[in-house]
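Structure first, then comments.
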Amino acid sequence: MLKRVLLATAISSVLATPSYAVSSQVLSQLGNGLGLKYTVLDNQQDEWRSFKGEITLTNDSATALPASGWAIYFSHIRMLQALDNPGLKVTHVNGDIFKLEPTAEFNALQPGQTLNIGFQSEFWQVAKTDIMPNWYLVSESGETALIASTSNTINGEVPTKPGEELPFVADFDSELTWKRYGGGLTDFYDPFTAADRYANNSDLHKLADAKGVIPTPAAITLGEGKVAIDASWVVVFDNGYQSPAEFLANQLGLTAVPWSPNQSKVIHVGWGQVSIDGAPKWEEAYNLSVSSAEEKINIDAVDAAGALYAAQSLLQLVENNLIPEAQIVDAPRFAYRGLSIDAARNFRSKDSILELLDQMAAVKLNKLHLRLSDDEAWRIEIPALPELAEVGSQRCHDLSETNCVLPFLGAGPNGTAESNGFYTEADYKEILAAANALNIEVIPEVDMPGHAHAAIKAMEARYEKLAAQGDLAKANEYLLSDPNDTTEYLSVQMFTDNAMNVCMESTYNFVDTVVGSLVALHQDIQPLKTFHFGGDEIAGAWTDSPICQAFLANNNQGISTVDELSQYFVERISVITANHNLDLGGWEDGLMHNNVVYPRGEMANANVSGNAWQNIWEWGVADRAYNLANNGYGVIYNQATHFYFDHPYEPDPEERGYYWAPRFTDTRKSFGFMPDDLYANADFTRAGAPITKQDVLDAAGVKTLERPENVLGLQGSVWTETIRTEAQFEGMTFPRAIALAERAWHTAAWEAHDADGKLVDEAARTEGYNLFANLVAKNIMPSLEANGIAFNLPVPGGIIEGGVLKANSAFPGLTIEYSVDNGQSWQAYDAAQAPSVSNALIRTVSGDRTSRVAEVK
């Protein structure tokens, strides 16, 4: 039990009783009255290795911050290295949790006094959302008080306008703060000005009468005639097509009935053959015909999914209850068109997921990859292991983590509505039923063996409870950690204890129970097809675990080194999931070690797939997708450079999101992805320097895709470290997910390129995006707005030319407003009657929502 003794010692050290007792009343006064400001001073002092910042404490309360008896706990995504104030010390607790406390040299901070605390930290921080909210005070007795000045709420509500959510974070107002690199390295990114945006959008224009469907059909012809839909119309269906027919009828306010002959004013939904370019299509394909002369609409689909997608296309054509004459023949480019949602870092409620499913189906996305666990939380009820939800889904200030996990990612002392929560069995079944009705497969992910802190702590809590009852056999049944493991490691997210012990049979008992529970949940609603085990970013665990040392010494599995344990774990997981008749999914790095792919033949599942995500071009790892495919694995292109929707839309400190792969990803970049040649998508390094396909090829171990049949499709990911509210989540997801859907469904003619990766016709891509952007602004965004989806509003571009304001948008047709009185009043911008101004503010508007404001001068 050495590890538990060490843990208890560490906790007692962190909670060491100082000489001064801070009462709960004083703690509360300080929480309400202590002003805290966080300032990044210099990201360029040491190339990329470290940055300098400052924490300013101002005592605006009526009581002194005493010389001892308190500590401040807070989340910090970078490893803090040193403070310049000998009166204070900072300690890394775990993950992103740090503790700031006084030393013997600290003098009480009297009312009205200010204290500046300089610090050094790893790497850089160039965006406001790098800093987490909800810092809090802790007394010697363990009482807590939120430092209100760091709260991300105003009157209990999280602000919706950019810049208001983190008022204690100073502006990033110079190159030293908004650039990551210095010294011999160059960061080429600056925040966009209004003029920059205007230039970026200059090749786009509003189309007088944009027509079409998103995602683009394989073939579409629109006529001049119109069909008027009213209550006299009826939807009729063939056997097997009742569900999509009822969906369409419900959307149009009509009735759906079984088919009968000799009817007019009907929308007929039934089976039909579909061929494109002479090749028959067997899944999700449809023909859609709208005839004004016959007053009839035919949907002929190869299956119910195809009929549903025909209905979605038809709904996009409706304008004022009129539908144009149309002939559409359509089928998907890829069978896998997915969106992965991180419900662990910050919780996405059942209602949030249900709303998302509707929007996914509208653009023909058909896979919801739902990440149900991570270091910071566990999000699914497993009745056999109630501690997973009871402990793992909650965050609070409990250093023992027996009642909850620590308040990672700025959750504060008592957690928040966004940090706490899980899906009950009933919630999850409701999600499954809704997804199944919309032809969306739910793929649950439980990440293992890394990223498992919450699960590990929940099972340790279970162990302690049962051990206290004297039932050691039951207590050990699902334990995920070796109590005597002294291995020291640090994960990417700075966890010291987040890897399940793969040498313990109890770990596999745990996996089998969780997988079996998920199979049972899916049964009779949407039978589970694929279990995703994650497998990403495993830190250097197990080296000093006595259980692993004994396991390796016995060599009973033919394994003799720690390096082989990851592959052993995956092979064990493949057997467990195969026994449940499941396919297996994992992230790319979960299926390889040191870029060596695990032998496909050693996996027991009929199908094993990997999400290829790590493609920072200059790092030489962009070949992982090809490597997996060539070795017999199914591959989903999930490239961080184009499809990680937690990244900012612009390289601006006011934009939300992490930026570790590209500095930013806008909708146009996602739209421009070319799946048929991964390396042709190379554009810029992380620093913004141009990089070519040849540069990437030179660094790649695998140069070509030899087995293209193993490429299953595309997926976007929404990681939620900085995404707390529903509005933030929707804004980061849309409209980028629409561009993902376009590329996953439709092969564009403009994708043709030469051997160097250069487009044969760049103008065609611009024309394609212009139509796409117009249709999104005209048809998709109004629908999103009407359904309460807070999609991202791009900041408009603008210049003043000859004393006249010129403004444009990345989505032509969106309403732009301008102000000449510093935002006191706003007027709609009309390019045909552009106003004369000397300077102005501009913004994009939809409903009651507005974008960030840009200054034009």
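For the cross-link pairs LYS281/LYS529; LYS429/LYS474; LYS364/LYS857; LYS367/LYS669, the ones whose C-alpha atoms lie over 32 Å apart are LYS364/LYS857. Note on the chain: dipole from Cβ charges, positive end direction compared against ASN85, LEU185, ILE214; the farthest Cα belongs to ILE214. Rounded to the nearest 0.05, the FRET efficiency derived from the C-beta distance between TYR658 and GLU505 at R0 = 45 Å is 0.75. Given R0 = 30 Å, the distance between the Cβ atoms of SER24 and ALA108 translates into a calculated FRET efficiency of 0.95. Summarising the label geometry, the points placed 7 Å from Cα in the beta-carbon direction at LYS703 and LYS758 lie 2.1 nm from one another. Taken about its Cα centre, the chain carries a charge dipole of about 540 debye when Lys and Arg each add +1 at the Cβ and Asp and Glu each add -1 at the Cβ.
Each other residue within a Cβ distance under 9 Å of THR416 adds +1 if Lys or Arg and -1 if Asp or Glu, for a net charge of +1.
Take the Cα of GLU175, go 7 Å toward its beta carbon, and the backbone nitrogen atoms of region 126-143 under 19 Å from that spot belong to 126-127.
Couplings 3J(HN,Hα) for region 165-177, derived from phi with the Karplus relation 6.51 cos²θ - 1.76 cosθ + 1.60 (θ = phi - 60°), are 6, 10, x, 7, 9, 5, 5, 9, 10, 8, 4, 5, 9 Hz, where x marks Gly and Pro.
Sorting 682-695, 308-321 by average packing, meaning the other beta carbons within 10 Å per residue, from highest down gives 308-321, 682-695.
Partner lysines whose Cα lies under 23 Å from the Cα of LYS226, excluding those fewer than 8 positions away in the same chain, are identified as LYS211, LYS265, LYS296, LYS778.
The Cα atoms of region 219-330 give a gyration tensor whose axes a ≥ b ≥ c have a/c of 1.5 or more with a/b no greater than b/c, which makes the shape oblate.
Fully extending the segment from GLU47 to ASN321 would add 92.7 nm, taking 0.36 nm per residue of separation and subtracting the current Cα-Cα distance. Taking the fewest neighbouring Cβ atoms within 10 Å as the starting point, the ordered list for ASP646, ASP300 is ASP300, ASP646. By the count of neighbouring beta-carbon atoms within 10 Å, fewest first, LEU34, LEU628, LEU176, LEU204 end up ordered LEU176, LEU204, LEU34, LEU628. Over the C-alpha trace of the chain, radius of gyration and Dmax come out as 28.3, 93 angstrom. Exposure proxy for HIS268, HIS647: other Cβ atoms within 10 Å of each Cβ, ordered fewest to most, give HIS268, HIS647. Taking a straight line from the alpha carbon of LYS693, these aspartates and glutamates sit under 16 Å away, with near neighbours fewer than eight places off in the same chain left out: GLU618, ASP623, ASP676, ASP677, ASP683, GLU751, ASP754, ASP756.
Would you mind counting up the charge near ASP351? Only other residues with Cβ under 13 Å from its Cβ, with Lys and Arg at +1 and Asp and Glu at -1. Residues close to ASP351 contribute a combined charge of -4.
Residue ranges 286-295, 128-137 sort as 128-137, 286-295 when ordered by packing (mean number of other C-beta atoms within 10 Å per residue, highest first).
Its DSSP H runs of at least 4 residues, each contributing -39,500 (n - 2.57), put the calculated 222 nm mean residue ellipticity of the chain at -7000 deg cm²/dmol, to the nearest 500.
How much net charge surrounds ASP84 when only the other residues with a Cβ under 14 Å from the Cβ of ASP84 are counted, with Lys and Arg +1 and Asp and Glu -1? Taking every Cβ under 14 Å from that of ASP84, the sum is -1. Taking a point 7 Å out from the Cα of LYS529 in the direction of its Cβ, the residues of region 707-732 whose backbone N falls within less than 16 Å of it are 710-715.
Placing R0 at 60 angstrom, the Cβ-Cβ distance between GLN263 and ALA195 gives a FRET efficiency of 0.50 after rounding to 0.05. How about LYS457: which aspartates and glutamates have a C-alpha closer than 13 Å to its C-alpha, ignoring those fewer than 8 places off in the same chain? Here the aspartates and glutamates satisfying the reach criterion relative to LYS457 are ASP374, ASP375, GLU376, GLU387, GLU390, ASP398, GLU401, ASP482, ASP497.
Each label was represented as a point 7 Å from its Cα along the Cα-to-Cβ direction; for ALA437 and GLU618 these points are 5.0 nm apart. The Rg/Rh ratio of region 279-388, with Rg taken over Cα atoms and Rh as the Kirkwood radius over Cα pairs, comes to 1.15. For the residue pair PHE188 and SER275, what label-to-label distance in nm results when each label sits 7 Å from Cα along the Cα-to-beta-carbon direction? About 4.9 nm, to one decimal.
In this entry, region 797-856 is assigned a mean projected area of 3.9 nm², taken as a quarter of its C-alpha convex hull surface. Taken over the alpha carbons of region 652-724 as equal point scatterers, the Debye sum produces base-10 log I(q)/I(0) values at 0.12, 0.22, 0.28 Å⁻¹ of -0.45, -1.22, -1.41.
Computed from the coordinates by the stated procedures, all read-outs in this text should not be read as laboratory data. On a predicted model such as this, the values are computed, not experimentally measured, just so you know. In this analysis, Cβ positions are derived from the backbone assuming ideal geometry, glycine residues included, and neighbour counts consider all displayed protein chains.
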